[in-house]
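Enquirer: Supplied in structure tokens, the structure appears directly below.
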Amino acid sequence: MANTATLPPAPASAPGDERIGRRSPIQKFLGRPEVGALVGAVVLFIFFASVSPTFTQPNALATILYGSSTIGIMAVGVSLLMIGGEFDLSTGVAVISSALTASLFSWNFSLNAWVGVVLALVVSLGIGFVNGWILVKTKLPSFIVTLATFLMLTGLNLALTRLIGGSVSSPSISKLDGFDSAHAVFASSISIGGVEVKITVFFWIILVAIASWVLLRTKVGNWIFAVGGDANAARAVGVPVTKTKIGLFMAVGFCGWILGMHNLFAFDAVQSGEGVGNEFLYIIAAVIGGCLLTGGYGSAVGGAIGAFIFGMANKGIVYAQWNPDWFKFFLGLMLLLATIVNLIVKRRAELK
Amino acid sequence: MNAKQIDQQTLLKDEKDPLTHTPVHLLSLEGVGKHYGNIIALRDVTMAVDNGRVTCVLGDNGAGKSTLIKIIAGLHQHDEGVLHVMGDARKFNSPRDALDAGIATVYQDLAVVPLMPIWRNFFLGSELTTGWGPFKSMDVQKMKDITLKELAQMGIDLRDVEQPIGQLSGGERQCVAIARAVYFGAKVLILDEPTAALGVKQSGVVLRYILQARDRGLGVIFITHNPHHAFPVGDRFLLLKRGKSIGYYDKKDITLDELTAQMAGGAELAELAHELEQLGGHTEALKEVQAEVAGVAEAADVADVADASRENSPRHA
Ligand SMILES: Nc1ncnc2c1ncn2[C@@H]1O[C@H](COP(=O)(O)OP(=O)(O)O)[C@@H](O)[C@H]1O
Ligand SMILES: [Mg+2]
């Protein structure tokens with residue numbers, strides 16, 4: 001019985017087979033969540049490559065990838081969270097909270113920069129935990145819970161920075177011990193064939209790979225799809241729904257920590273008012289990448305393609321020497337087109 | 001009322017069950033009650049489940065059937081009475097607890113995630129893994145093979161276990177859920193109105209799976225509001241009405257007509273007929289209801305007679 005091919009076909013359903021028909025590999029591929037985004041990315045790439053010769057230069061590509069990675073790192077966590085059926089509006093400012101924690105703490109007590117880095121990790125995971133915990137305890141929608149954390153963190157960022165550092169910007173920490181090594185870890189560049197590629201690009205790729213593996217090949221991934229698709233059904237068959245949801249918020253916190261550390265160590269200070277509005281960029285990347293707003297469907301690779309589209313549009317407009325004012329318009333258009341393509345492709349694939 | 005009720009004393013004294021000769025019931029409820037705030041959803045329910053037996057729970061909408069099984073399945077906790085599993089008093093804190101005790105439930109609203117592939121649904125919450133520590137991953141191929149095999153044994157030949165389960169028909173989804181429960185070694189299988197949303201033919205298919213599960217030695221709790229579905233497969237029948245037990249019968253002590261009569265509630269139909277009469281105008285409907293009342297009364301009479309004759313006849317041991 002090990003070989004399923006030897007099973008006798010069930011009499012009742014044998015004549016029913018012709019109703020199913022075989023799905024060709026192409027149809028299977030078209031059924032993947034990230035197809036819409038992939039088509040959009042290819043079209044956008046060809047478009048910018050044809051209007052601007054500089055666009056395809058290795059250095060320009062490295063810059064585009066860097067821009068994409070600063071969105072993409074967060075989009076990994078946000079995509080997983082959206083597949084898990086939740087939504088986080090506090091991500092943009094939480095990144096800055098993480099950076100401010102590291103810089104203000106180590107500056108105030110004149111500690112090694114790495115102490116601040118570790119504390120920032122604890123704070124980032126803590127913010128994720130609190131978001132998730134309030135959500136599962138109160139059963140309020142994540143929109144409300146994370147909107148509240150968004151507002152509170154925005155206020156805390158500004159107030160604490162002024163209280164501790166005396167300014168809207170955190171004080172410079174470039175003189176602290178450990179700054180150089182932390183800079184090397186979070187903000188250096190790696191040379192590939194003479195092209196300087198920012199280290200965040202590699203973080204991004206690694207995170208996407210890990211997230212894809214978790215989603216598709218581990219039981220936690222199964223649980224993420226399940227809690228997003230139908231949390232009650234998942235609970236009824238024994239999936240730890242609460243832990244999964246809290247874990248997802250903490251994963252978002254982890255991504256925020258990496259990006260926050262990059263923001264801090266790429267320079268040596270952070271503006272306390274930054275980050276507001278970025279949460280939408282991460283969500284947009286995930287949605288362009290095929291994550292359903294209602295949860296239960298999507299992929300990490302899709303979120304990465306969404307972030308890449310963002311990076312291409314952002315830098316492509318500059319390389320094409322257009323007014324950057326057009327960028328938001330472009331982004332909105334991409335969002336609309338990609339989601340419509342996703343919808344059509346998904347319906348097609350499911351009908352066949 | 002008319003038919004002979006199971007004697008609770010003999011059934012629940014932890015003596016040998018007359019049906020199976022097992023020393024204790026697989027699962028038994030004694031005077032179980034549950035309220036949601038000030039709404040009393042269930043009170044004083046007593047029933048038992050045994051290996052290779054189907055216990056049917058019958059009742060109209062809102063009778064408390066789902067509440068009853070949610071208590072057994074660990075989604076809610078009872079406020080009164082005792083729930084015994086293999087003789088031990090238990091109170092489940094989560095569905096996981098109940099699953100670990102061997103109680104699997106196929107919910108009315110189907111505990112499947114529609115967008116997920118069939119094989120992922122089949123193993124949801126009990127995934128097979130290989131490897132160790134942080135590198136532990138799902139054994140995808142094995143899970144797909146088992147899903148295909150188990151469903152084939154239930155007579156569902158799937159081309160593609162990657163298909164989202166939402167694309168299957170209601171009956172097929174029920175079967176996947178049943179196959180899953182059987183595969184994971186459930187001792188007690190609870191089915192909440194599995195036939196409610198199905199056509200005649202698909203209902204038949206699901207009823208066959210109930211018998212298959214029973215023949216594999218599972219204790220089955222089959223919840224339905226349709227006596228015509230319950231009677232052919234059931235061994236015992238618990239009738240619920242407005243959260244209360246109005247009867248608990250062994251199959252040998254009741255007929256389908258009696259069951260139907262009890263379900264339909266002759267008194268209520270008579271009341272409805274009366275109301276319609278007073279409203280006037282609804283002659284068609286009134287006639288129908290009156291016919292129904294007559295039918296129910298007749299069935300009850302027949303039951304009375306049948307009951308009496310059985311009581312007197314030597315056949316009735
Ligand atoms: N979560 C709940 N909160 C309050 N009342 C409930 C809840 N669930 C069920 N009820 C009430 O309990 C009664 C029994 O419901 P239920 O067990 O679902 O009935 P059935 O499954 O037999 O149709 C109904 O009157 C219903 O309104
Ligand atoms: Mg119900």
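The values are calculated or read from the model by the stated rules, or taken from the named source; none is laboratory data. Remember, it's a predicted structure, so these values are computed and weren't measured experimentally. Because the Cβ atoms are built from the backbone with ideal geometry, glycine has one as well, and the counts that use them run over all protein chains shown. The area values use the complete protein model at the heavy-atom level, side chains included, leaving out ligands, DNA and RNA. Shrake-Rupley method; radii C 1.70, N 1.55, O 1.52, S 1.80 Å.
Enquirer: Got at least one residue in region B:29-40 being part of a loop (DSSP other than H, G, I, E, B), within 16 Å of ligand 1 (Cβ to nearest atom), assigned by TED's automatic domain parsing to the domain that holds B:ARG208 and surrounded by 18 or more Cβ atoms within 10 Å (Cβ to Cβ)?
Expert: no
Enquirer: List every residue pair whose Cβ atoms sit under 8 Å apart, with the two residues 6 or more apart in sequence or on different chains, where the first one lies in region B:39-53 and is of a type in the set (Asp, Glu) and the second, anywhere, is part of a strand (DSSP E or B).
Expert: From region B:39-53, the pairs are B:ASP44/B:GLY31; B:ASP44/B:VAL32; B:ASP44/B:GLY33; B:ASP44/B:GLU80; B:ASP44/B:GLY81; B:ASP44/B:LYS244; B:ASP44/B:SER245; B:ASP50/B:GLY219.
Enquirer: Can we say B:VAL161 is more than 30 Å from A:GLY298 (Cα to Cα) and either away from ligand 2 (no atom under 16 Å from the Cβ) or open to solvent by 30 Å² or more (accessible area, probe 1.4 Å) (or both)?
Expert: no
Enquirer: Still on this structure, I have one more. For residues in region B:120-138 being assigned to a helix (DSSP H, G or I) and surrounded by fewer than 24 Cβ atoms within 10 Å (Cβ to Cβ), which is farthest from the other protein chains (Cβ to nearest Cβ)?
Expert: Going through the qualifying residues, I end up with B:GLY133.
Enquirer: Now for a separate question. Could you please give the count of residues in region B:170-198 that are open to solvent by less than 40 Å² (accessible area, probe 1.4 Å) and not in a strand (DSSP E or B)?
Expert: Residues meeting the conditions: 16.
Enquirer: When you go through (1) within 10 Å of chain A (Cβ to nearest Cβ); (2) open to solvent by less than 40 Å² (accessible area, probe 1.4 Å); (3) out of contact with any Cys (no Cβ under 8 Å at 6 or more places or on another chain); (4) not hydroxyl-bearing (Ser, Thr, Tyr) one by one for B:LEU151, which number turns out not to apply?
Expert: In the conditions (1) within 10 Å of chain A (Cβ to nearest Cβ); (2) open to solvent by less than 40 Å² (accessible area, probe 1.4 Å); (3) out of contact with any Cys (no Cβ under 8 Å at 6 or more places or on another chain); (4) not hydroxyl-bearing (Ser, Thr, Tyr), B:LEU151 misses (3) alone.
Enquirer: Residues that are more than 14 Å from every other protein chain (Cβ to nearest Cβ): find the helices (runs of 4 or more DSSP H) completely inside region A:186-274 holding 2 or more of those.
Expert: Once the helices (runs of 4 or more DSSP H) in region A:186-274 are filtered for at least 2 residues that are more than 14 Å from every other protein chain (Cβ to nearest Cβ), what remains is A:199-217, A:241-266.
Enquirer: Just checking, how many residues over region B:201-226 are surrounded by fewer than 23 Cβ atoms within 10 Å (Cβ to Cβ) and either within 16 Å of ligand 1 (Cβ to nearest atom) or at positive phi (or both)?
Expert: Of the residues in that region, 3 qualify.
Enquirer: Going through region B:51-109 one residue at a time, which ones are within 14 Å of another protein chain (Cβ to nearest Cβ), touching a strand residue (DSSP E or B) at 6+ places or on another chain (Cβ under 7 Å) and either polar (S, T, N, Q) or assigned to a loop (DSSP other than H, G, I, E, B) (or both)?
Expert: Within region B:51-109, B:SER66, B:HIS76, B:ALA101, B:GLY102, B:THR105, B:TYR107, B:GLN108 qualify.
Enquirer: Across region A:263-294, what is the number of residues that are of a type in the set (Asp, Glu) and open to solvent by 50 Å² or more (accessible area, probe 1.4 Å)?
Expert: 1
Enquirer: While we're here: Which one of the conditions (1) in a helix (DSSP H, G or I); (2) facing chain A (nearest Cβ under 7 Å); (3) under 20 Å from A:THR218 (Cα atoms) does B:LYS144 fail to meet, given that it meets all the rest?
Expert: Of (1) in a helix (DSSP H, G or I); (2) facing chain A (nearest Cβ under 7 Å); (3) under 20 Å from A:THR218 (Cα atoms), only one is false for B:LYS144: (2).
Enquirer: Name the residues in region A:113-141 that are open to solvent by 60 Å² or more (accessible area, probe 1.4 Å) and among the hydroxyl-bearing types (Ser, Thr, Tyr), would you?
Expert: A:THR138
Enquirer: Please go through region B:46-77 and give me each residue that is open to solvent by less than 10 Å² (accessible area, probe 1.4 Å) and more than 11 Å from ligand 1 (Cβ to nearest atom), ordered by number.
Expert: Within region B:46-77, B:MET47, B:ALA48, B:VAL49, B:ASP50, B:VAL54, B:THR55, B:CYS56, B:ILE72, B:ALA73, B:GLY74 meet the criteria.
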